[in-house]
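Working notes, structure below.
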Amino acid sequence: MDNTLNQLTPKQIVAELDRYIIGQDAAKRSVSTALRNRWRRQQLSPDLRDEVMPKNIIMIGPTGVGKTEIARRLSKLANSPFLKIEASKFTEVGYVGRDVESMIRDLTHLAVNMVKEEQSRKVKGKAEAQAEERLLDLLLPPSDRKRRAVDVSESPGDAETEHQEDESLHTREKLRKMLRQGKLEDRTIEVEVSEKNIPMIEIFSGTGLEEMDINFKDMLSGFFPSKSKKRRMKVSEARNFLIQEESQRLIDMDNVVTEAVKRVEQSGIIFLDELDKISGRERTAGPDVSREGVQRDLLPIIEGSTVSTKYGLVRTDHILFIAAGAFHVSKPSDLIPELQGRFPIRVELSSLGKDEFIRILTEPRNALIKQYSALLQTEGVDLQFTPDAISEIASIAAYVNERTENIGARRLHTVIDKLLDDISFNAPELSGRTIMIDAQSVQEKLKDIIKDEDLSRYIL
């Protein structure tokens, strides 16, 4: 993470976020400063470094305005272990459901996979070379070469022995050349595959087995030894299998786990969505009874504690928590005071209107107009939108949001999908054609749905 953030100032982080997210400047400034502070903390002396706590953030705003996207893009910039989880999935200890510590276990597991993938890329060249040698052994089995050597050793002539060895090497190099040229891809070979015969076991438990921190699969593998069997596969398939197998051998899993735990502790980011769903304080029976209990369970994790995972103990003191919620019914002050204190930075995201929708449709790198045009281009259809068509789509999306539930930019997906319904369905027959979408065609396609309020609630 250090090298990445050393290159990016808060202004540059905001500029990167601007490529994907329209508006919400206050939220971008807050998260970019929080991210830069992670790097600043790493530059401090060890004694002071542990004293600097992350400034957790609450993003307040309606759905579809960019809360999740900001957090997701932020984690990619930092190359940090990132987990998005809904707070409403958790239940208080003693109730059936997930305990809050499970998110730290999930984040650690994600980090291990991330580091493992990075290590795999580093050893890829060596793994490919070793896989190639194993492929050559399978194409020209060593037993054949040994048999030749034995036959040769029984004969007295040293010159003949050397000739046989040279011939074997020559054949191997010839096969190597053909292998690299792709001439042997469809040849079938037998590859030895090891399999662990672990029986399928289903365990039912009220609170789940996450607290016990037992990996039953690893435990049972000791009782059921692995068996090897030969599978017939093509060279192209065998190569990928052998590369993966060699990569596993070259990677030091102890180092992977150590690095992963370090990343989680020093640069992990957890995006806690739907925080408003657990912020109500009313005393009601039923599924809401544990809402305040979940807040109390979250508190030690966010304040800083040590969680037991199958990869060892993980400290949560310096994990950055970014919470989000619409807070329509409740408000951040409805959270228990201790939890409020752990989210010192609060930023409000504004609702999106027609002007923002026009920008969302055209400006970002992953703009919807670009996505749909590229999808239809695969069928040979050249889809083009006039500026007035884009303006009309934005107007309709904003209008429907006003009359029904405001789902923000997600409304654009429903409007465009309905607009292009016939074109997408008939695209294979329209290959080679250019289709121009203008404001009139948008109105003709959607006018009946917009006029009928009941229909628009179902379709748009």
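The values are calculated or read from the model by the stated rules, or taken from the named source; none is laboratory data. This is a predicted model, so every value here is computed, not measured. Glycine also receives a Cβ, built like all others from the backbone with ideal geometry; neighbour counts cover every protein chain displayed. For accessibility, only protein heavy atoms count, side chains too; no ligands or nucleic acids. Shrake-Rupley method; radii C 1.70, N 1.55, O 1.52, S 1.80 Å.
Compared with the rule-of-thumb size 2.2 N^0.38 Å for a compact globular protein, the stretch 362-460 has a Cα radius of gyration ratio of 1.07. For the pair Q42 and R410, label points projected 7 Å from Cα toward Cβ lie 3.5 nm apart.
In this label model, D421 and S350 are separated by 3.4 nm, measuring between points 7 Å along each Cα→Cβ vector. Partner lysines whose Cα lies under 17 Å from the Cα of K183, excluding those fewer than 8 positions away in the same chain, are identified as K174, K234.
For the residue pairs K76/K262; K28/K67; K55/K116; K67/K277, the C-alpha atoms sit more than 21 angstrom apart in K55/K116. On a per residue basis, the stretch 305-460 carries 52 Å² of accessible surface, using protein heavy atoms and a 1.4 Å probe.
Peptides 395-408, 38-51, 109-122, ordered by how many other C-beta atoms sit within 10 Å of their residues on average, highest first, read 395-408, 109-122, 38-51. Between the stretch 20-42 and the stretch 395-451, how far is it from one alpha carbon centroid to the other, in angstrom? Computed from Cα coordinates, the inter-centre distance equals 34 Å.
Per residue, the stretch 20-116 exposes 40 Å² of accessible surface when a 1.4 Å probe is rolled over the protein heavy atoms with every protein chain present.
Of the accessible area of the stretch 298-457, with the probe set at 1.4 angstrom, what percent is carbon plus sulfur? Its accessible area is 48 percent carbon and sulfur atoms. Each label was represented as a point 7 Å from its Cα along the Cα-to-Cβ direction; for Q244 and Q440 these points are 5.6 nm apart. Estimated at 0.36 nm per residue, the fully extended path between T306 and Q377 surpasses their Cα-Cα distance by 20.4 nm.
Descending by average beta-carbon neighbour count within 10 Å, the peptides 63-72, 419-428, 447-456 line up as 63-72, 419-428, 447-456, the highest first. Extents of the stretch 268-386, taken as max minus min of Cα coordinates on every principal axis and listed largest first, are 55, 39, 30 Å.
When the C-alpha to C-alpha distance is required to be over 23 Å, the pairs from K122/K230; K370/K451; K354/K418 that qualify are K122/K230; K370/K451.
Here the gap between M178 and A129, fully extended at 0.36 nm per residue and compared with their Cα-Cα distance, gives a gain of 16.1 nm. With R₀ set to 30 Å, the beta-carbon distance separating V52 from D18 gives a calculated FRET efficiency near 0.60.
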